[in-house]
Every structure is written in structure tokens, then in C-alpha cells.
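Enquirer: First the structure, then my questions, so here it is.
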Amino acid sequence: DEIDFGNIEKSKKPATIVFFGFNGSGKTTSIEKVANWMMKNNFTCVLAAGDTWRAAAEEQLEIHAKNLKVNLIKHKHGADPAAVIFDAIEHAKAKGIDFVLADTAGRAHTNVNLMDQMKKIVRVNKPDLKVLVIDSLTGNDAVLQARMYNEVGVDAVIFTKVDVNEKGGAIISVTNELKKPILFLGSGQEYENFEKFDAERFVGNLLS
């Protein structure tokens with residue numbers, strides 16, 4: 001099933017998209033690329049810095065928010081990510097913004113179980129789309145990651161680093177595990193290195 005952002009935006013404004021994935025999966029970069037794609041397709045968005053434990057994640061989002069000229073909502077280091085995302089949703093409501101794109105932690109700090117934190121984010125903010133970002137080079141671990149995050153419920157997947165891995169073994173095994181649509185494939189670091197998933201083209205590449 002393809003996910004239609006236009007339909008999501010029509011049914012609820014703002015619509016909230018929460019991005020999950022381990023550190024190093026390319027999650028923060030994927031959020032920036034989604035923001036860029038949305039703006040090119042005439043949607044407005046705001047970013048939420050819900051990875052409140054990794055300072056680098058917040059700084060990275062901040063740089064890209066400036067580049068893309070979108071707002072970033074953040075709290076102090078170590079704040080409750082569910083509260084950060086809640087504030088971003090309130091900001092979007094007040095400003096008439098279409099989408100909230102929320103980052104989340106890719107690793108739990110010592111006192112908190114990562115899945116408990118993700119479940120709280122979902123419970124408090126009731127996102128319209130929960131997107132799992134997976135590094136396509138992960139190999140067998142990709143299925144374990146998919147299973148783990150599916151405890152919270154995954155609605156769609158983004159695969160990164162597909163330029164390095166044309167045959168996409170992880171893509172097939174994760175899709176088989178989750179039975180959920182692939183939203184985008186990411187390749188390099190540039191905003192443009194990002195495309196909507198095209199199943200026919202993907203299968204064609206596999207068979208070529």
C-alpha cells in the first residue's frame with residue numbers, strides 16, 4: 001500500500017510523523033530529507049528534536065532546519081522527548097503547519113528502556129505515522145531491529161545507504177517481516193539523494 005501524504009494532511013492538521021531507528025541508521029539525515037521533499041511538494045513542516053540525549057542529533061537538526069528554513073522545536077538536554085514533540089505539535093497547530101517531523105533517541109540513556117520511551121512518545125502524541133529508518137547495510141540485524149521497533153508499531157520504513165547496497169538484502173527481509181510499505185530510499189548525504197520508493201524499479205534492479 002502506498003502512503004499518500006496529501007490524504008494524511010487533509011485528514012488531520014498538523015499530522016505527526018515520528019521517526020524511529022538506532023543511532024547510525026541515518027535517521028536524523030532522513031528527517032531532513034523528508035522535510036526537503038515535503039517543501040518541494042508544497043507541504044509545510046516543523047522539526048521536533050526528540051532525541052534529547054545525543055547533543056549531536058540536536059545540533060545536526062538545528063543546522064539543517066536553518067538550511068531548509070524550517071522551525072525546530074527543542075528543549076534542554078535530557079528533557080522528556082514526548083514533551084518536546086507535544087510542544088512541536090502545539091506550535092504547528094498555532095501556525096497552521098501541515099506536518100510535524102519528530103526525531104527520537106536511537107539509544108536509551110542508562111536509566112530508561114528505549115522501547116518504554118518510544119511507547120510513551122506514541123501514547124502522549126498519537127502520531128499519524130510511525131516510520132522506522134533502517135541502514136540497508138545492516139544485514140541480519142535489520143530484521144531484529146524491525147521486530148524490536150514493531151513492539152511500538154511501525155507504519156512504514158525508510159532505507160538508507162541503498163547506493164552502497166544495490167541488491168538490498170535487508171530491504172527484502174525487513175519488508176517480509178513487517179509487511180509495511182517502504183516510503184523512501186536514501187543514498188548519499190545531499191537532500192536530493194532521496195527518492196520515493198518505486199517497487200517496479202526496485203524489482204527491475206534486483207533482477208538486472
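The values are calculated or read from the model by the stated rules, or taken from the named source; none is laboratory data. What you see is a predicted model; the values in this text were computed from it and never measured. So basically every Cβ, Gly included, is an ideal-geometry build from the backbone, and we count neighbours across all protein chains shown. Ligands, DNA and RNA are stripped out before the accessible areas are found, and what is left, the full protein with its side chains, is counted by its heavy atoms. Shrake-Rupley method; radii C 1.70, N 1.55, O 1.52, S 1.80 Å.
Enquirer: Which pairs turn up if I take residues in the range 115-130 that are without any contact (Cβ under 8 Å) to a residue 40 or more places away in the chain and under 23 Å from P181 (Cβ atoms) and look for partners that are of a type in the set (A, V, I, L, M) and in a helix (DSSP H, G or I) with beta carbon separation below 8 Å, at least 6 apart in sequence or on another chain?
Expert: So the pair list comes out as M115/M148.
Enquirer: While we're on this one: What are the residues in the range 44-61 that are within 13 Å of L101 (Cα to Cα) and open to solvent by 30 Å² or more (accessible area, probe 1.4 Å), if any? Steps first, please.
Expert: Applying the first criterion (within 13 Å of L101 (Cα to Cα)) to the range 44-61 yields 44-51, 61.
Correct list: T44 only.
Enquirer: Just checking, which of V143, V133 is within 30 Å of G188 (Cβ to Cβ), touching an Asp or Glu at 6+ places or on another chain (Cβ under 6 Å) and not hydroxyl-bearing (S, T, Y)? Give the derivation first.
Expert: Details: V133 fails: touching an Asp or Glu at 6+ places or on another chain (Cβ under 6 Å).
One residue alone meets the criteria, V143.
Rundown of residues vs (1) free of Cβ contacts under 8 Å to residues at least 24 places away in the same chain; (2) part of a helix (DSSP H, G or I); (3) of a type in the set (S, T, N, Q), yes/no style:
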residue: I8; (1), (2), (3): no, yes, no
residue: K13; (1), (2), (3): no, no, no
residue: E32; (1), (2), (3): no, yes, no
residue: W37; (1), (2), (3): no, yes, no
residue: F43; (1), (2), (3): no, no, no
residue: W53; (1), (2), (3): no, no, no
residue: E59; (1), (2), (3): yes, yes, no
residue: H64; (1), (2), (3): no, yes, no
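Enquirer: Among the residues of the range 177-191, which ones are surrounded by 22 or more Cβ atoms within 10 Å (Cβ to Cβ) and touching a residue at least 60 places away in the same chain (Cβ under 8 Å)?
Expert: L183, G186
Enquirer: Right, here's the next one. When the range 81-98 is examined, which residues are found to be charged (D, E, K, R) and either assigned to a loop (DSSP other than H, G, I, E, B) or farther than 20 Å from N36 by Cα (or both)?
Expert: So the first thing to find is which residues in the range 81-98 are charged (D, E, K, R), and the list is 87, 90, 93, 95, 98.
The answer is D87, E90, K93, D98.
Enquirer: Going by the structure shown, is L72 closer than 27 Å to V162 by Cα and open to solvent by less than 60 Å² (accessible area, probe 1.4 Å)?
Expert: Working: closer than 27 Å to V162 by Cα: no; open to solvent by less than 60 Å² (accessible area, probe 1.4 Å): yes.
Considered against the rule, which asks whether it is closer than 27 Å to V162 by Cα and open to solvent by less than 60 Å² (accessible area, probe 1.4 Å), L72 comes out as no.
Enquirer: Could you list all residues from the range 99-148 that are assigned to a loop (DSSP other than H, G, I, E, B), surrounded by fewer than 17 Cβ atoms within 10 Å (Cβ to Cβ) and at pLDDT 95 or above?
Expert: Result: K126, single match.
Enquirer: Would you be able to tell me the number of residues in the range 155-176 that are buried (at least 21 other Cβ atoms within 10 Å of the Cβ) and modelled with pLDDT under 90?
Expert: Filtering the range 155-176 for residues buried (at least 21 other Cβ atoms within 10 Å of the Cβ) gives 157-160, 162, 170-171, 174.
Applying the additional criterion that residues be modelled with pLDDT under 90 yields 162, 170-171.
Within the range 155-176, residues that are buried (at least 21 other Cβ atoms within 10 Å of the Cβ) and modelled with pLDDT under 90 number 3.
Enquirer: Let me ask something additional. Yes or no: F43 over 16 Å from the mean Cα position of the chain (by Cα), closer than 25 Å to E190 by Cα and of a type in the set (F, W, Y)? Explain how you work it out, then say what you get.
Expert: Details: over 16 Å from the mean Cα position of the chain (by Cα): yes; closer than 25 Å to E190 by Cα: yes; of a type in the set (F, W, Y): yes.
Answer is yes for this residue.
Enquirer: Follow-up. Report, by residue number, each residue of the range 77-98 that is surrounded by fewer than 14 Cβ atoms within 10 Å (Cβ to Cβ) and touching a residue at least 12 places away in the same chain (Cβ under 8 Å). Break it down stepwise before answering.
Expert: Our first condition is that a residue be surrounded by fewer than 14 Cβ atoms within 10 Å (Cβ to Cβ); within the range 77-98, this holds for 77-78, 90, 93-96.
Residues satisfying the conditions are H77, G78, K93, K95, G96.
Enquirer: Here's another thing I want to ask about it. Of the residues that make up the range 25-38, is at least one farther than 30 Å from D141 by Cα, open to solvent by 10 Å² or more (accessible area, probe 1.4 Å) and not aliphatic (A, V, I, L, M)?
Expert: Looking through the range 25-38, none of the residues is farther than 30 Å from D141 by Cα, open to solvent by 10 Å² or more (accessible area, probe 1.4 Å) and not aliphatic (A, V, I, L, M).
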